[in-house]
Structures are given as structure tokens and as C-alpha cells.
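Working notes, beginning with the structure itself.
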Number of protein chains: 2
Amino acid sequence: MTRELIDQIVIHPGRRLTAKLVATLKTTEPDSFETTVVDQLDLTFEGLAGDRHAGFTRPAGGREPWYPGGVEIKSGRQLSIVSAEELWEIGYALGLPPIEAGWMGANLVIEGAPRLSFLSRGTRIFMPSGASVVVENQNAPCRHTGRAIATRTGRPGDELSFPRISRRLRGLVASVERPGAAVAGSDVTLQLPEQWIY
Amino acid sequence: MTRELIDQIVIHPGRRLTAKLVATLKTTEPDSFETTVVDQLDLTFEGLAGDRHAGFTRPAGGREPWYPGGVEIKSGRQLSIVSAEELWEIGYALGLPPIEAGWMGANLVIEGAPRLSFLSRGTRIFMPSGASVVVENQNAPCRHTGRAIATRTGRPGDELSFPRISRRLRGLVASVERPGAAVAGSDVTLQLPEQWIY
């Protein structure tokens, strides 16, 4: 009976955590992967207006090897969210000061959420403005970012060591669930959904 | 150190399962909650063209008590997916034959995925056409559905017993990730993502 199978599943209830949105960043140069610190972001249903990741859809890439390259798919990667603590951790592991969020093309930097990169899919982040974003996935490091980091650190070896060291520390990708302002320095609420393992 | 905290997380690797798409359904009467069996569905980025759940956004409702009622939010509920086995299970628990998927407003009926309602957020369902949908959440029964079921069964008490009995058996809500055809009777692949508990 299905009901008996269900009774074996351990359901971890949803819960709320508080954290701080310490920085907001966006693309300022059209050809650049990097982002620049701004006072606040205007979140729309399509993400950040004018940003290279804005839109409901995007071309499939190396992170989706199950699709032919370049076919249009639902985005799920409008925003990049990183952890202040994990930026510190990556830098430490590389023998450097904390890595700057803008070097990785991040849009939101959050402090006070332990192991942020493991926040569950479906976690909502509520801003004081009423805006919210929803976590779509853990972000995966790529060599492209490694190259950008190596340019900044001036150490060619970081092109390969960055992706290795930042694995599981690279933050999250998210979509806008409710539009509005995301203001640097504000407190945010993280609402974790129920969790279980299938 | 964050790395040590991460080493404590149990990561369940992604995997693939096969199952069968035994039925496809869509709304045929504009005012009705119910869906009707069709040979195939044309999945678009907005869901099912002309369907009441089509679109990238929708008004927040009772399932999102953290938002003011009616404010526009990202949809996440374009499609309703139910399990053939769970329809049987709900019917059995109500002392009835299997509940019909159309009575619940479902769009896709899948057979052969045990405890389908617990498929993780982020699970992809690939159709032979190349189309895919991605699981957004477990669906929650509501009294509205209970009322529709009670009308069909002719037993007023089912308005309340249906939501209670169908809890955790009510299937999933999903979004279209890649457009294309979903054809009744075809084999589908379920691609589970990595899972962990935060």
C-alpha cells in the first residue's frame, strides 16, 4: 500500500531562518561576466532588467548535457546568490583574501546562513520590500569563472583550482517569485520548504 | 570551517527512472476546474495554451499565505501531474474505484513511479519528443477539489474526506522546461537531481 511506503519517508518540516543581505550587485558592462556593487536591485519577473541572465528562458549550456546545446529552455538562473562566509572560505582555501562576489558574477551576497550553497530548492528569500526570490538549484563552478578569477588574482593556476576548491561553495541560482526591491544591508527571511529524500 | 560542515551532509546522487505517461488531459470548458482526456498535449513555455493555469505568473492564493492574496507571483503551477497508482489508492481509501484524473484537474498521469507525489523538486520528466517538465512542488489537496470530487461521487462527505485522504497522494505541480509534445501512452524518463537535507 502506498500509504505504508509514505509512512517510511522522513519529512523535515519547513522552517524560517533570518540572515542579512550584505551586498547587491549587477552587470554594468554588457560584455562582462562580472558584476558591480550597487545600492539596490530592482527585481522583476524576468530577473534584472538589462542583465545577461534576464528572461524567462535561456539557451541550454554545458550544465544541461541532457539537452542539445543552445536549445531554448526555462531559465532557472536569473540570479546568482553567494554566501559571505563561503567567499571567505574559497579565498582561504586558495591562500587569498575573501573572493569578491563580483568576480563570480553574483547578484546577492547573504551573510549568516550556514552552508548557504545547500539551501534546498524551493527555499524562498523574502526581502523587507515584499519582493522574494526562490532557490532553483545549487550553482556549479565552471572553468569560465575560473578564468575570470585567475585574471583577477593574477595566478594562472586559479583557472583550474577555483572550480575545484569552490565546489559546493559556489552559492545558488534563483528566480524572482515576487518583484520588488532588494536593498543592500537589509535583513532577509529564508523560508525553507518541507524536505525529504525520494 | 565550512568544508567540514559540508562533509557532514549526505548527498544522494541524481539518478534516472523510467515510467509511463498513461494519460494526458486538458481543460475543455473554460469555467471548469476539471480536465478531459486528450491524445496529446502541446507543452509551451507558458504551460498549456488556453488553460486556466497557463502563464509565467499567477495570483497568489491560499497555498501561499505569506503573500497578500491576489498579488502576482511566478507561477510554478502550470501543470498538475498525478500517479495512476495514487489515484487507485485514494479511491480505495474512499471505498470507491480509482479516482479519475480529470476530476482533480490533472494534466499528466504517470504509472510506474512509486510514491510519485514525493518526487523531488527539480526532478525532470523527459518525453520522447524532447519536451520536458520540471517538478516544482508536491501538490496540496484543497477543499475546492474536494467539492468537485463530491459532486462526481454524489457523496457530500467527500468534500472533506477527499482532502484528508489524498494528502501526500495528490501528485505534483510542474513547469515546462522545454516545449514540445506530451503523448499519452509514451515512455518517459524521470531524472532525479542530487538530493540532501539542509
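The values are calculated or read from the model by the stated rules, or taken from the named source; none is laboratory data. Everything quoted here is computed from the prediction, not taken from an experiment. Because the Cβ atoms are built from the backbone with ideal geometry, glycine has one as well, and the counts that use them run over all protein chains shown. All accessible areas refer to the heavy atoms of the entire protein, side chains included, with ligands and DNA or RNA removed. Shrake-Rupley method; radii C 1.70, N 1.55, O 1.52, S 1.80 Å.
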Inset, instruction - Give the accessible area for B:H53 in Å² (nearest 10); use a 1.4 Å probe, count only protein heavy atoms, and leave out ligands, DNA and RNA. - result: 70 Å²
Inset, instruction - Please state, to two decimals, what the Cα-based radius of gyration of the stretch B:1-147 comes to when divided by 2.2 N^0.38 Å (N = residues). - result: 1.18
Inset, instruction - State, to one decimal in nm and shortest first, how far the label point of A:R147 sits from each corresponding label point in the other identical copies (label point: 7 angstrom along Cα-to-Cβ). - result: 5.8
Inset, instruction - Compute the long axis of helix B:84-94 from its Cα atoms, compare it with the longest principal axis of the Cα atoms of chain B, and write down the angle in degrees, 0 to 90, nearest 10. - result: 50 degrees
Legend entry - Which of A:V10, A:V134 is most accessible, then next, and so on - probe 1.4 Å: A:V10, A:V134
Inset, instruction - At 1.4 Å probe size, with every protein chain present, just tell me what the per residue accessible area of the protein assembly as shown comes to in Å². - result: 43 Å²
Legend entry - Amide H contacts under 5 Å for B:V22, placed H, 5+ residues apart: B:V109, B:I110, B:E111, B:G185
Inset, instruction - Could you state the angle between the C-alpha long axis of helix B:143-153 and the longest principal axis of the C-alpha atoms of chain B, as a value from 0 to 90 degrees rounded to the nearest 10? - result: 50 degrees
Inset, instruction - Run the dipole for the protein assembly as shown about the Cα centre, Lys and Arg Cβ at +1, Asp and Glu Cβ at -1, nothing else charged, and hand back the magnitude in debye, nearest 20. - result: 560 debye
Legend entry - Computed Kirkwood radius, in angstrom, where 1/r is averaged over Cα pairs of the stretch B:80-198: 14.8 Å
Inset, instruction - Compute the Kirkwood hydrodynamic radius of the protein assembly as shown, taking the inverse of the mean of 1/r over all pairs of distinct Cα atoms, and give it in Å to one decimal. - result: 22.1 Å
Legend entry - Area of A:E34 that stays accessible when all protein chains are in place (1.4 Å probe, Å², to 10): 40 Å²
Legend entry - Other copies of A:L96: label-to-label distances in nm, shortest first, labels 7 Å along the beta-carbon direction: 6.2
Inset, instruction - For A:K20, go through the lysines and keep the ones whose alpha-carbon is under 24 Å away, minus same-chain ones fewer than eight residues off. - result: B:K74
Inset, instruction - Could you work out the per residue convex hull volume over the alpha carbons of the stretch A:1-72, in cubic angstrom? - result: 205 Å³
Inset, instruction - Please report how far the C-alpha centroid of the stretch B:100-136 lies from that of the stretch B:1-52, rounded to the nearest whole angstrom. - result: 4 Å
Inset, instruction - Taking the rotation that carries A onto B, look along its axis and tell me which residue of A has the beta carbon nearest to it, distance in whole angstrom. - result: A:R121, 2
